[in-house]
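What follows is one structure encoded as structure tokens, with my remarks underneath.
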Amino acid sequence: MSRIVCSTLLVAALATTFSGCSEKPAPVQETKEVVDPSLVSLTKELEATVKTGAVSEQLFIDTLRIPGRIQVDEHFESRAGASITGRISTLDVNLGDEVKAGQRLATIKSTELAQYQLSYIKASQQMQLQTKAVDRAKQLLEADVISLAELQRREGELNAANAELNAARDQLQVLGMAPSNIAQLGLQNSGMSTSQVNSKIAGTVIARKARLGQVVAPAEELFVVADLSHVWAVAEIPEQQIAHIKEGQSINIEVPALDDAELTGTLAFVGDIVDPATRTVMARANISNDKMLLKPDMLITILLEAKPQKVIAIPSTAVVRENNADHVFAQTLKSKQYKLLPVTLGRTYADKREVLQGLQPGDQIVLDGAFHVNNERKRKEME
């Protein structure tokens, strides 16, 4: 019984051995080389279309954008009001009207003016009487009728009358009466109880506070006339940026209301005091407004060139956008092999981009033609 079992086991073992020897070994799988999709080798065709070079530091002149507004040039502005207490009897201009220098803006009826005119008329009449008295005294002195002392007394009275007349005339001029109208008072011996409010300059009526029938006093402002062909561009400059501006500097101005039209002006004034509430300094520029397109209180943006700064910069042609991020092609250890490298960029100036992170001066990159290199990279990736 045991012999039979042993024989069986021996036969089975031999069968297993022969069976194992007859099987073929499993084929070895070939491993495919993994290619980095961010690498590109420059072919002769690419070398002819791209430019490579080193990253360098360059001077950047930043543009400061400062909000501001248009204001009336105070050198070309006039404020007109009543020179005497009275009631407005006529209004001769409306808001926005163009007026000439000396043009009447309103008429004021005043009993107070009538009293001053009456004083002038009396002084004028007294002057005439004293003049005749002196002339008569000279004739009497020649006829030896009166003494020299009497003539001198009458001449003194004439001088006093002349002084009163001049004082009355000056008072009427202060109240706004023209010299020609004052002269008419002395000739006609009748007063005119009206006073005119006249414009002192030629320009546009930009404010009118007068109403028909309104009682006004000398301290009240009734009209504002401005020559709008000259205006100011005014802005509040942050104190950190004051070092970047100076008087006489040429500036550019954008006007959003005029489709961002760009104007130029000259910085005429930079304030000497910092506003403690806003930490700003007031600055203004003179602007020519010959076409009358700029309006007072119109919003503007003043563009100022900041102090030049040395920064790491690359040409805009070196930048490619991938996955909503900026990249460049930087050279690897191999001379003609470049790798797509993410970078963080900042400001733009004169077709240059500021590099904040990712590159250092001296790094070799594709300066021009990065777009073609990226197309070649994508083509290789699809193969």
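The values are calculated or read from the model by the stated rules, or taken from the named source; none is laboratory data. Just so you know, these numbers come straight off a predicted model, no measurement behind them. Neighbour counts run over all protein chains shown; Cβ positions are idealised from the backbone, glycine included.
List of remarks:
- Of all residues making up segment 44-56, the number that are surrounded by 12 or more Cβ atoms within 10 Å (Cβ to Cβ) and acidic (D, E): 1
To keep it simple, each residue is scored yes or no on (1) assigned to a loop (DSSP other than H, G, I, E, B); (2) under 14 Å from Q71 (Cα atoms); (3) over 13 Å from the mean Cα position of the chain (by Cα).
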{"site": "L222", "(1), (2), (3)": "no, no, yes"}
{"site": "V231", "(1), (2), (3)": "no, yes, no"}
{"site": "I251", "(1), (2), (3)": "no, no, no"}
{"site": "G265", "(1), (2), (3)": "no, yes, no"}
{"site": "L293", "(1), (2), (3)": "yes, yes, yes"}
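- Screening D144 against (1) surrounded by 18 or more Cβ atoms within 10 Å (Cβ to Cβ); (2) over 57 Å from the mean Cα position of the chain (by Cα); (3) at positive phi leaves a single unmet condition, (1).
- Considering only residues in segment 233-249 that are of a type in the set (A, V, I, L, M) and assigned to a helix (DSSP H, G or I), the one that is nearest to S195 (Cα to Cα) turns out to be I242.
- Residues being modelled with pLDDT under 90 and of a type in the set (S, T, N, Q) - total across segment 220-243: 2
- Members of segment 319-341 that are over 16 Å from P361 (Cα atoms) and in a strand (DSSP E or B): V320, R321, E322, A325, D326, H327, Q337, Y338, K339, L340
- Here is the figure for segment 108-120: residues that are among the β-branched types (V, I, T) and crowded, with 17+ Cβ neighbours inside 10 Å total 1.
- Residues that are within 45 Å of the chain's Cα centre (by Cα) and either in contact (Cβ under 8 Å) with a residue 40 or more places away in the chain or not in a helix (DSSP H, G or I) (or both) occur in segment 186-194; there is at least one.
Residues are listed down the side, and each one gets a yes or a no for (1) exposed (fewer than 13 other Cβ atoms within 10 Å of the Cβ); (2) small (G, A, S):
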| site | (1), (2) |
| --- | --- |
| A257 | no, yes |
| L263 | no, no |
| V274 | no, no |
| M282 | no, no |
| N289 | no, no |
| M292 | yes, no |
